[in-house]
1. Only one of Glu301, Glu240 is acidic (Asp, Glu) and more than 24 Å from Asn358 (Cα to Cα). Can you tell me which?
2. Going by what's in this entry, would Glu224 be described as within 27 Å of Gly159 (Cβ to Cβ), within 22 Å of the chain's Cα centre (by Cα) and charged (D, E, K, R)?
3. Counting only residues that are surrounded by 16 or more Cβ atoms within 10 Å (Cβ to Cβ) and β-branched (Val, Ile, Thr), which one in segment 234-265 is farthest from Thr288 (Cα to Cα)?
4. Has segment 124-142 got at least one residue that is assigned to a loop (DSSP other than H, G, I, E, B), surrounded by 15 or more Cβ atoms within 10 Å (Cβ to Cβ) and among the hydrophobic types (A, V, I, L, M, F, W, C)?
5. Looking at segment 235-256 only, could you name the residues that are under 25 Å from the mean Cα position of the chain (by Cα) and more than 17 Å from Gln280 (Cα to Cα)?
6. Evaluate segment 307-317: report whether one residue or more is crowded, with 21+ Cβ neighbours inside 10 Å and part of a strand (DSSP E or B).
7. Evaluate segment 344-359: report whether one residue or more is in contact (Cβ under 8 Å) with a residue 12 or more places away in the chain, in a loop (DSSP other than H, G, I, E, B) and under 20 Å from the mean Cα position of the chain (by Cα).
8. Please go through segment 406-434 and pick out each residue that is of a type in the set (D, E, K, R), within 18 Å of Phe357 (Cα to Cα) and crowded, with 16+ Cβ neighbours inside 10 Å.
Amino acid sequence: MGRCRSCEAIPCLRAISIWLALGLFSSISAQVVETSKSTDQSENSGGGALLFSPAAAPLPADETPTGGGMISGLFGKNEAPFQYAIHLTLRGAYDDNIALTHLDRMDDYFVEIQPALLVGIGDLVRQNTFLAVMYLPSFFRYDEHSEFNSDQHVVHVLGGLTPTDKLTLRMSEDIAIRENIVLAATSQERSGLGTTNGRTDLGTFATRLSLNYNMTPSDFLFSELKANMTEYAAPLISSELYGGDLYLNHGFTQQLVLGMGVEAGFNRVDSPTPDQQTVQTNAHLNFTPNRHFTIDIIAGEEFRTFENHARGTYDTPVFLISSSWAPDENLKISATASRQIFNSAAATAQDYVDTSFNGLLREHIFKPVYVTVLGGWEHVEYFNAIDAPMPLPTLTTDYFYWQPSLDIVFTRWWIFGGYYLRRQNTGSVETVDFKSNEFGVRTTIKF
């Protein structure tokens, strides 16, 4: 069975789930560091140097990790034992609701300055045996409302080892330290969660260790250990999730893979929310009929129990879906869908089920010009983690966004473009409703 099916299908989907969980489908947010990614994560995983490009559309200089930039392109072929890349992204925008509030809307202009540094060893293109680190600090500065200024630091680490032709090992670490962020912009909960000004400090840490073992030409095993930590400033509450999974898969053909798996974890949550244990039983399907189209689905049921029998077992369907279609080299269409359970950061002893759909359409309409449309919908439904005589009311919200953009590749190492971002949230409680319009320009240079 082809390596792309056995070694990449599940890790690719796991990568997507990490980005979604951390709010890294970044164009929906004014204050998330990765504001404009060159490609969606399903294209990135296993896709070589573009995994680390911060550009809004593919830069020719990023076809290789090292070289091709404004300065590095003068040095010729890289003969050093390591790879490197330096980018600078600048963004300027106007937003008519920078706090994403229902009332007392504030508008302002802001700029974002985002340098990016990549350092790696090994083969970053084939990603067999390699180690790469990317650091993306990001600085937001507002014109009239300096109280919204935010400094953010994001580190991505990705490594791999292929000791035999049957065994592939992978590790990843994602760290984000964000200061003074707007909660409604960076959290799936889309509200201030009881903070005095709707802003907080947030740190997220996600670790993944995985192995993929080809037992036979048609059967392979995938297993992963993971740790997620989310740390909010008071009065919000923090949480941790430690877990692992095991999947057995069979390739019926080169195009079709089916499998079954189980996931289990321990979810530690600050008071008053009780600690929880989670179990998922899932089915896995990967269908890749040709090099133009692929779809990967993991779907099943999650069962969640609560410490000290705070309430009865909660169960709900869960899924992670990614799909990509590229009929030719100029058109890319991709979509992701997810349904998962998360802990609320509010001190209300509640969790929530997050169901989301996100899509991307990018067309290279002629040589220097890319047109991209991002869009998505997210439904959040809360439930109580404690059975109380007088339970708290449970909120539901629906959030959607869409973002058309146009980017022009002026040279191999320079891209410039503009975008419009519309965000809107409606809930069962009117106070969480908001709408926002943002207009901006952005540019990325590879040095």
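The values are calculated or read from the model by the stated rules, or taken from the named source; none is laboratory data. Remember, it's a predicted structure, so these values are computed and weren't measured experimentally. Here Cβ is always computed from backbone atoms with ideal geometry, including for glycine, and neighbour counts include all displayed protein chains.
1. Details: Glu301 fails: more than 24 Å from Asn358 (Cα to Cα).
On inspection, the qualifying residue turns out to be Glu240.
2. Details: within 27 Å of Gly159 (Cβ to Cβ): yes; within 22 Å of the chain's Cα centre (by Cα): yes; charged (D, E, K, R): yes.
The answer is yes for Glu224.
3. Going through the qualifying residues, I end up with Ile237.
4. Scanning segment 124-142, I find at least one residue that is assigned to a loop (DSSP other than H, G, I, E, B), surrounded by 15 or more Cβ atoms within 10 Å (Cβ to Cβ) and among the hydrophobic types (A, V, I, L, M, F, W, C), so the answer is yes.
5. Of all residues in segment 235-256, those under 25 Å from the mean Cα position of the chain (by Cα) come to 236-247.
Those that are under 25 Å from the mean Cα position of the chain (by Cα) and more than 17 Å from Gln280 (Cα to Cα): Leu236, Ile237, Ser238, Ser239, Glu240.
6. Taking segment 307-317 first, the residues crowded, with 21+ Cβ neighbours inside 10 Å are none.
Checked against the condition, which is being crowded, with 21+ Cβ neighbours inside 10 Å and part of a strand (DSSP E or B), segment 307-317 yields no hits at all.
7. Restricting attention to segment 344-359, the residues satisfying the condition of being in contact (Cβ under 8 Å) with a residue 12 or more places away in the chain are 344-359.
Within this subset, residues satisfying the condition of being in a loop (DSSP other than H, G, I, E, B) are 344-349.
Keeping just the survivors that are under 20 Å from the mean Cα position of the chain (by Cα) gives 344-345.
Yes, segment 344-359 has at least one match.
8. Narrowing segment 406-434 to residues of a type in the set (D, E, K, R): 407, 412, 422-423, 430, 433.
Imposing the further condition that a residue be within 18 Å of Phe357 (Cα to Cα) reduces the set to 422-423.
Of everything in segment 406-434, just one residue is of a type in the set (D, E, K, R), within 18 Å of Phe357 (Cα to Cα) and crowded, with 16+ Cβ neighbours inside 10 Å, namely Arg423.
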